[in-house]
1. Show the residue pairs meeting these rules: Cβ distance below 8 Å; 6+ apart or different chains; first residue within region 210-230 and closer than 14 Å to Pro47 by Cβ and modelled with pLDDT of 95 or more; second residue of a type in the set (Lys, Arg) and part of a strand (DSSP E or B).
2. Read through the list (1) surrounded by fewer than 24 Cβ atoms within 10 Å (Cβ to Cβ); (2) hydroxyl-bearing (Ser, Thr, Tyr); (3) farther than 30 Å from Ser322 by Cα, then give the number of the only condition that Ser126 fails.
3. Exactly one condition in (1) farther than 21 Å from Gly106 by Cα; (2) buried (at least 17 other Cβ atoms within 10 Å of the Cβ) is false for Asn225; which is it?
4. Residue by residue through region 257-289, note down the ones that are over 17 Å from Arg70 (Cα atoms), surrounded by 19 or more Cβ atoms within 10 Å (Cβ to Cβ) and over 19 Å from the mean Cα position of the chain (by Cα).
5. Can you say whether Phe305 is more than 21 Å from Pro187 (Cβ to Cβ), among the hydrophobic types (A, V, I, L, M, F, W, C) and outside the structural domain of His53 (by TED's automatic domain parsing), as far as the supplied structure shows?
6. Going through Gly106, Gly69 one at a time, which residue ends up being part of a helix (DSSP H, G or I) and either over 15 Å from the mean Cα position of the chain (by Cα) or modelled with pLDDT under 95 (or both)?
Amino acid sequence: MPTKVTRRSFVAGAICAPAFAEGFGGPDAARTSEVGDYTFTQFHNQPATSPLHRRLVEMWAAIGKETRGRVATQVFAENNGIAGSDPAALTMLVGGEIQFFTLMGGILGTVVPVAEVQQVPFAFRSAAHAHRAMDGALGIYLQDEMAAKGIRGFRTGAFDNGMRQIGGTKRPIVVPDDLIGIRMRVPAGQLVADTFRGLGAEPITINSSGIYEALKSGRVDAQENPLALMDLFKLYEVVKYVSLTNHMWSGFNLLAHLPTWTRLPHDIQTVIERNVATSVRLQRQDQERANAGLRGELARRGLVFNDADPAAFRSKLSGVYSTWKERLGTRCWSLLEAATRG
């Protein structure tokens, strides 16, 4: 298991075990420098071939260079293969076992309930629309709520996953009734499950590492993710139909263990924040290009695409919107409305 941040002169009670313990790591780990005053572990759930992994490795390398080796960080793709995947990694972050992690709003919502606002169905027209909201007042509000739970967010800290589409094995999803009876894989988090239950599907929670096998075995009939993820996890091998619903945005919020963050000197915090913002912007561009170019490529691999009209789906979700407006609270919902207006 990864251990915690070290610094030779940390105050009593700080975490002191070495971050690069013997035997820790694997082929998907990337160490940005060998020795540092501060050694960190960064987890994320994407493959090592993903733009997210590449940009995180570049980001921490740049931070190591700018701090003249005072910061050394090891980046692990697919959460280093830990049992329990994202929910387990979130627990590790809150406990300080890892210091940095990227995570979608729905799963983050299990600890920071208002983070589920990122996945309100049909709230965002595009990934760029969502990015503006996350970089603005709504994002600042979410960071304040994270801090109350011991998590540090970043002003420009939402890496992109993209607009989510439905890929399945049974039939195209053209109208909401096509979802009736479909066993839909969903990530942890209540809002996504409520959305698909409201559309007539049967939501089944499975971590990202288990999607392929669940589709292959027939445990689920469909899953919903951006095209880039369907490509990275090779889901094109186990689905036949892709319905372009654009029903929800998802991103990867960069999170830090707050007690670790607050112990860092201001100059190091500044270097990290600046490089986070740069890396996020570059990765968003990478992901946009990946999602935009994949329809043709996946169609050539035999997948059948169709476009869906979002209006019909939205109209069937009135009960979900009413419930979640109350759950998220007046302030959160008003910030979402302001961010998505126009």
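1. So the pair list comes out as Ile211/Arg185.
2. Evaluating Ser126 over (1) surrounded by fewer than 24 Cβ atoms within 10 Å (Cβ to Cβ); (2) hydroxyl-bearing (Ser, Thr, Tyr); (3) farther than 30 Å from Ser322 by Cα leaves (3) as the failure.
3. Result: Asn225 passes all but (1).
4. Correct list: empty.
5. So Phe305 fits the description; yes.
6. Result: Gly106 is the single residue among Gly106, Gly69 that is part of a helix (DSSP H, G or I) and either over 15 Å from the mean Cα position of the chain (by Cα) or modelled with pLDDT under 95 (or both).
The values are calculated or read from the model by the stated rules, or taken from the named source; none is laboratory data. Computed from a prediction, not measured in an experiment: that's the story for all the values here. Ideal geometry is used to build each Cβ from the backbone, glycine not excepted, and the neighbour counts take in all protein chains shown.
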